[in-house]
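Notes follow once the structure below has been shown.
The values are calculated or read from the model by the stated rules, or taken from the named source; none is laboratory data. None of these values were measured; they are calculated from a predicted model. Here the Cβ positions follow ideal geometry from the backbone for every residue, glycine too, while neighbour counts run over all protein chains shown. Please note that ligands, DNA and RNA were not included when accessible areas were found on the heavy atoms of the full protein model with its side chains. Shrake-Rupley method; radii C 1.70, N 1.55, O 1.52, S 1.80 Å.
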Amino acid sequence: MKKETRILDAGRRPVLSEGAVNPPVWRASTVLHPTLAALEHAIHTPFEGLRYGRFGTPTVYALEEAIAEIEGGARTIATCSGLAAITGTLTALLQAGDHLLVTDAVYQPTRTFCDTVLARLGITTTYFDPVLGPEGLRALLGPATRLVFLESPGSLTFEMSDIPALTAAAHGADALVAIDNTWGVLSFQPFRHGVDISIQACTKYIVGHADAMLGAVTVSDLDLWHRLKTGFAAFGACPGSEEAALGLRGLRTLAVRLARHGETAKRLTEWLAARPEVARVLYPAHPGDPGFDLWRRDFSGACGLFGVILKPVERPGLEAMLNGFRHFKLGFSWGGFESLVIPAWGGAVKRTATRWTPEGPALRFHAGLEAADDLIADLEDGFSRLSSLDINGPA
Ligand SMILES: *Cc1c(COP(=O)(O)O)cnc(C)c1O
């Protein structure tokens with residue numbers, strides 16, 4: 001069965017829903033046990049079935065089952081946000097004295113967590129060039145390296161890493177490999193490329209409507225799941241059943257939405273790449289992008305998130321462009337139905353292993369579900385505002 005068919009059925013158990021198409025939102029903290037023996041059994045199997053709301057409800061389990069299926073892993077843990085999935089994974093797997101390798105293009109809050117909380121716990125992080133090859137990674141892997149953390153394409157800068165090659169190098173040194181696979185949801189199958197742990201910010205495309213926070217960690221085997229689940233349970237953070245239901249609802253239309261987001265982004269990046277105001281577009285699915293070959297080899301599709309580096313312009317022109325968009329609203333996050341833009345210049349991109357030196361101001365766009373023609377008209381008007389206020393004029 002194709003993924004777009006499987007995604008409709010994943011996690012659906014009509015027995016739990018009395019025949020209703022969707023599982024109900026289970027609101028639960030206390031769960032009553034009929035006998036002392038049943039209660040004692042529950043104590044020994046806290047993560048199976050309905051035990052206590054914090055460990056999960058049938059709505060949450062349905063979401064976990066569905067995500068395990070679409071990521072192609074053994075089992076999933078749903079979390080209250082994408083960042084919680086990342087921080088929970090790192091703290092569950094690492095301890096004082098351990099060494100962690102992280103791509104220099106990682107989502108900024110992941111870096112902040114490594115540099116503050118993990119550093120305070122005695123866990124050392126080394127960042128590496130996202131486009132480094134396996135020999136380069138091997139040189140950084142030491143006896144204390146427990147985990148290599150990937151994100152490809154990188155947040156804001158969109159570099160592609162050679163995931164299978166880096167994964168093989170990490171495994172050669174007995175390190176686990178985790179990936180933040182939010183951009184690659186549905187289009188990248190991490191476990192087919194040897195990755196051990198795949199993280200989704202479900203807040204983005206899985207929820208898909210900008211109305212809930214949700215994350216997920218999926219793993220390749222059940223021992224790893226048990227280690228992670230024990231760690232997550234110890235912290236006590238858990239996703240709400242309402243949010244899990246919104247995640248399940250979003251999943252059912254994910255394949256069609258992603259196809260449309262991807263088509264629109266392809267049209268916009270082609271159009272933008274030909275504009276005189278643009279130095280280059282950052283989109284691995286764009287032919288000519290330095291990551292295009294890796295993307296074509298490893299991914300089956302793309303999504304609506306891409307970057308644009310403008311040629312140098314003065315701030316008034318940029319402000320006029322960004323303040324006047326009709327569809328590209330200024331706002332964080334992405335993956336909803338709406339188009340968005342954020343600046344990615346100045347301190348937005350923090351690097352320590354490499355330098356990122358864009359030719360001019362960088363912007364990150366999310367192509368929503370609006371008609372591509374309307375979005376192009378919006379961009380065209382934006383460039384008119386930019387040029388009319390830019391004392392240098394278009395280059
Ligand atoms: C948004 C995002 C996250 C964090 O997700 P939240 O649900 O907002 O916590 C993690 N990784 C990537 C790549 C993201 O874009």
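Annotations for the structure displayed:
- Degrees separating the helix 372-389 axis from the principal Cα axis of the chain, which is the longest one: 50 degrees
- What a 1.4 Å probe finds exposed on the chain is 56% carbon and sulfur by accessible area, rounded to a whole percent.
- Computed over the stretch 128-247, the ratio Rg/Rh where both radii use C-alpha atoms and Rh is Kirkwood: 1.00
- Stretch in the chain that is longest and holds no trypsin sites (Lys or Arg not before Pro) that DSSP places in a loop and that have at most 10 other beta carbons within 10 Å: 3-354
- Rg/Rg_ref, the chain, where Rg_ref = 2.2 N^0.38 Å and atoms are Cα: 1.03
- With the largest listed first and rounded to whole Å, the semi-axes of the equivalent ellipsoid of the stretch 240-395 from the Cα gyration tensor are 27, 19, 16.
- Cα-based convex hull, the stretch 285-339, per residue volume (Å³, whole number): 113 Å³
- Size descriptors for the stretch 1-114, from the alpha-carbon set: Rg then Dmax equal 17.9, 54 Å.
- Take the convex hull of the alpha carbons in the stretch 298-378; its mean projected area over all directions comes to 7.0 nm².
- The stretch 218-237-the stretch 345-378 distance, computed between alpha-carbon centres (Å): 35 Å
- Reach of Lys229 by Cα under 24 Å, taken over lysines that are not fewer than 8 positions away in the same chain: Lys204
- ³J(HN,Hα), Karplus 6.51/-1.76/1.60, whole Hz, each residue of the stretch 153-163, x for Gly, Pro: x, x, 5, 6, 10, 6, 5, 9, 9, 7, 4
- Volume per residue for the stretch 264-315 equals 78 cubic angstrom (convex hull of Cα atoms).
- Overall, the ratio between the Cα radius of gyration of the stretch 89-162 and 2.2 N^0.38 Å, rounded to two decimals, is 1.06.
- Counting only protein heavy atoms and a 1.4 Å probe, the chain has 43 square angstrom of accessible area per residue.
- Charged-residue dipole, Cβ positions (Lys, Arg, Asp, Glu), the chain about Cα centre, Debye nearest 20: 360 debye
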